[in-house]
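*Asks:* Structure provided below as structure tokens; questions to follow.
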Amino acid sequence: MTGFTDIEPTTRRVVIENIAPTVDCGRFPAKRIVGDEVTVEADVFADGHDHVAAVIEFRAGAGEWRIAPMSQTVMDRLQGSFRTDEVGGYEFRVRGWIDHFDTWRDGLEKKDGVGQDVSVDLQIGAELVDAAASRAEGAASTTLTSFSSRIRQAGSTQPERVAAALDPDLAALMSEWGDRTRSTVSDAYPIRVDRQRARFSSWYELFPRSWGPTGEHGTFAHVTAKLPYVAEMGFDVLYLPPIHPIGTTKRKGPNNSLDVDPDDPGVPWAVGSSEGGHLAIHPELGTLADFQTLRAEAKSLGIELAMDVAFQCSPDHPWVSEHPEWFKHRPDGSIQYAENPPKRYEDIYPIDFETSDPQGLWAALRDVFLYWSDQGVEIFRVDNPHTKAFPFWEWVIAEVSARHPNAIFLAEAFTRPTVMHRLAKLGFTQSYTYFTWRNTVWELQSYVEDLLAVADVLRPNFWPNTPDILSEYLQTGGRPAFVTRVILAATLSSNYGIYGPEFELMGSIPRSAGSEEYRDSEKYQIREWDLERPESLAPLIGRLNQIRRSHPALQRSDNIRFHQTDNPEILCFSKEWKDDLVLVVVNLDPHHTQSGHVEIPVDEFGIDEHHSFQVHDELVARRYLWNERWNYVELDPEGIPAHVFAIRRLARTEHDFDYYL
């Protein structure tokens, strides 16, 4: 018949639909971390009333398929899980089949329960068991044969034969060795498994050139000497802006000025000079050996180096003369510099991904990642990836990850959600977000919920500030604004970072009214920092990172729940993972004390709402006595405008409170 020529007769009756986790129907991998239990769900059903069974088949790379069981959750929805035990690519599929034995077993139980003669039914069941015995191996085959004999045994009473047929041990064996020859197998779906730091990390960004003695250009050696400062604050990723030679043509002066002094250091993102390009180190920072010393010393303190990869060139980059075809030329023959009106970047040439030599360009860019990976760098912050071709990122991340599976890529892409999501699908491990500009309860809650909807593929990294971004909230909110934003960043997201020392020293002066750029920005000049200033937020940040390390619930971003308050300036949310439960309450108003009641879902938290319980604020080591579901808070922004309560559910004793937090 016309329209049915592709349909062939089949005895496979099971349908498998709506499989999760999948991203774009399996076009891209869902993301997980080593040690995760990957929960797989699917609708598995068939015509009629026969029972169905299903398993997950999974493997790492091209290894052997392994099997994990699935069980019914509701209606035709089945669920199971498997554990990831190595970094790299996994895939899984669902296999479903008609479970003739379980269907028969259910019918037998019903018929016997109402006193029907089931002698023929027992013969049918024995044949099913015999068939399974022929498929089984070793002791399983022997045991199945024994069960078949007991079901058939003519000298036994019907109750004895039925009891053998309904034995749970037989059901377990038949589940393993039942007939799957007519099973339906779904497509295979990919999973990308990363190391733990992909999910949980605390980033600290600094410009090495500003960390030297007064009047000197800072070096890697100067940063090495200051590593204990970063470690004491509890950061585990030290992110360096581009460390390559800086061009001199069209070099920018202080505050992005075109009036340049010969001693002005230039913008690190204007990569390349006669001294080299993306594979070279700026001579004033030191040598490759100095860089390796910094990396090794950081590693000894539990800190990884993250490098900035900016695929753009100064006019002096060797590629400009060696490969002019990699750049876009204007009708007058000049190369188009970068622009983001009204901003102009005369010292930077974008790369043209519509070049006549894509193979050569892609290979050269890939080799930048590979070179630094070979130097021991495993974390890359990628500058403006949304301005480069999508197919390139999918290719290059796969190329690098194949040789360096532990590589982590952070996308600095402040752009449209669809583009941010696409970059995550293409392989970026983490992503900058719009957290920086979300300030109200509604904005924060709705934005985080948007991120939760794409948690299978996009891992957010929250930054309250960057060298490019000094938000209005920080400009006008004083010390309370900085405290509020770092607490929010560190607790809402398991990955977060700050640009310091501007942040902990509370730099808040914009370049001009209405601007989000810093005045006297380190992008254009060398700064001096007094890290010993008594008002520094470094001790608070250190405590915050200590709390994060001690609470597994704060080491995830996919487990957040928001709770009601009766004050629109107070945000309340919780995070739970296994036995760890953390409740966070934040005053979002940096100018006024805010008070009100927050609703605690005590029943869901396993707390008796009719008894008092203690709450323990880990930020300030203070306890409060709370009662029932709604509880009062008062948060003064001049102190600590937030509570971070760790809920420990204890067994009740005669003399103790039921619970304390």
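The values are calculated or read from the model by the stated rules, or taken from the named source; none is laboratory data. This structure is a prediction, so every number in the text was calculated from the model and none was measured. Neighbour counts run over all protein chains shown; Cβ positions are idealised from the backbone, glycine included. Note: accessible area is taken over every heavy atom of the protein model, side chains too, but ligands, DNA and RNA are not part of it. Shrake-Rupley method; radii C 1.70, N 1.55, O 1.52, S 1.80 Å.
*Asks:* Report, as a whole number in µm² per second, the diffusion coefficient that Stokes-Einstein gives for the chain at 20 °C and 1.002 mPa s using the Kirkwood radius over alpha carbon pairs.
*Replies:* Result for D is 74 µm²/s.
*Asks:* Can you give the Rg/Rh ratio of the stretch 310-357, where Rg is from the C-alpha atoms and Rh is the Kirkwood radius?
*Replies:* With Rg and the Kirkwood Rh in hand, the quotient comes to 0.94.
*Asks:* Carbon and sulfur: what percent of the stretch 102-189's accessible surface (1.4 Å probe)?
*Replies:* The value for the stretch 102-189 is 49 percent carbon and sulfur by accessible area.
*Asks:* Counting only Cα atoms, I'd like the Rg/Rh figure for the stretch 352-461, Kirkwood definition for Rh.
*Replies:* Here the Rg-to-Rh quotient is 1.02.
*Asks:* Let me ask something else. Quote the relative contact order of the chain in percent (integer), defining contacts as alpha-carbon pairs under 8 Å separated by 6+ residues.
*Replies:* 10 percent
*Asks:* Take each complete run of DSSP H in the chain, measure how far its Cα atoms stretch along the helix's own axis, and keep only those covering 15 Å or more with mean Kyte-Doolittle hydropathy at least -1.0; list them.
*Replies:* Those that pass (Cα extent of 15 Å or more, hydropathy at least -1.0) are 119-135, 138-152, 220-232, 288-300, 358-374, 390-403, 441-452, 472-492, 538-550.
*Asks:* Once you have the alpha carbon radius of gyration of the stretch 52-203, what is it after dividing by 2.2 N^0.38 Å, with N set to its residue count?
*Replies:* 1.36
*Asks:* Run the numbers on the stretch 302-445 and let me know its relative contact order in percent, using alpha-carbon pairs under 8 Å that are six or more apart.
*Replies:* Relative contact order of the stretch 302-445: 21 percent.
*Asks:* Find the centroid of the Cα atoms in the stretch 550-603 and in the stretch 154-177, then give the distance between the two in whole Å.
*Replies:* After rounding, the separation between the Cα centres reads 53 Å.
*Asks:* Assuming R0 = 51 Å, can you tell me the calculated FRET efficiency for the pair GLU325 and GLU472, based on Cβ-Cβ distance, to the nearest 0.05?
*Replies:* That gives a FRET efficiency of 0.75.
*Asks:* Further question: For the chain, what is the accessible area per residue in Å² when the probe is 1.4 Å?
*Replies:* 44 Å²
*Asks:* How large is log10 of I(q)/I(0) for the stretch 261-398 at q = 0.17, 0.21 Å⁻¹ when the intensity is taken from the Debye formula with one equal scatterer per alpha-carbon?
*Replies:* -1.05, -1.45
*Asks:* Let me ask something else. Hey, got a sec? Which GluC sites (Glu not before Pro) in the stretch 102-199 land in a DSSP loop and have at most 16 other Cβ atoms within 10 Å?
*Replies:* GLU137
*Asks:* Consider just the alpha-carbon atoms of the stretch 215-342 and return their Rg together with their Dmax, both in angstrom.
*Replies:* Cα radius of gyration and Dmax of the stretch 215-342 are 16.9, 55 Å respectively.
*Asks:* Let me ask you something else. How big is the stretch 489-631 along each principal axis, measuring the range of its Cα positions in Å and listing the largest first?
*Replies:* 60, 30, 30
*Asks:* Taking the Cα centre of the stretch 195-326 as the origin and placing charges on Cβ (Lys, Arg +1; Asp, Glu -1), which of TYR204, ASN255, GLY215 is farthest toward the positive end of the dipole?
*Replies:* TYR204
*Asks:* Moving on. How long are the semi-axes of the equivalent ellipsoid of the stretch 138-276, defined as square roots of 5 times the Cα gyration tensor eigenvalues? Whole Å, largest first.
*Replies:* Equivalent-ellipsoid dimensions as semi-axes: 78, 20, 11 Å.
*Asks:* Next up: Restricting to lysine pairs 8 or more places apart or on different chains, what number in the chain have Cα atoms under 21 Å apart?
*Replies:* The result is 15.
*Asks:* Further, regarding this structure: Summarise the long-distance tail of P(r) for the stretch 7-114 by giving the % of C-alpha pairs beyond 19 Å.
*Replies:* 52 percent
*Asks:* For the stretch 529-577, how big is the tail of P(r) above 19 Å, as a whole percent of Cα pairs?
*Replies:* Taking all Cα-Cα pairs of the stretch 529-577, the fraction more than 19 Å apart is 51 percent.
*Asks:* While we're on this one: May I ask which residue of VAL267, VAL23, PRO69 lies farthest towards the positive end of the charge dipole of the chain, with charges of +1 (Lys, Arg) and -1 (Asp, Glu) on Cβ and the Cα centre as origin?
*Replies:* So the residue furthest toward the plus end is PRO69.
*Asks:* Could you please state how large a percent of the accessible area of the stretch 288-406 is carbon and sulfur, counting protein chains only and using a 1.4 Å probe?
*Replies:* 51 percent
*Asks:* What translational D, rounded to a whole number of µm²/s, comes out for the stretch 59-114 from Stokes-Einstein when the hydrodynamic radius is the Kirkwood one over Cα pairs, at 10 °C and 1.306 mPa s?
*Replies:* Stokes-Einstein gives a translational diffusion coefficient of 110 µm²/s.
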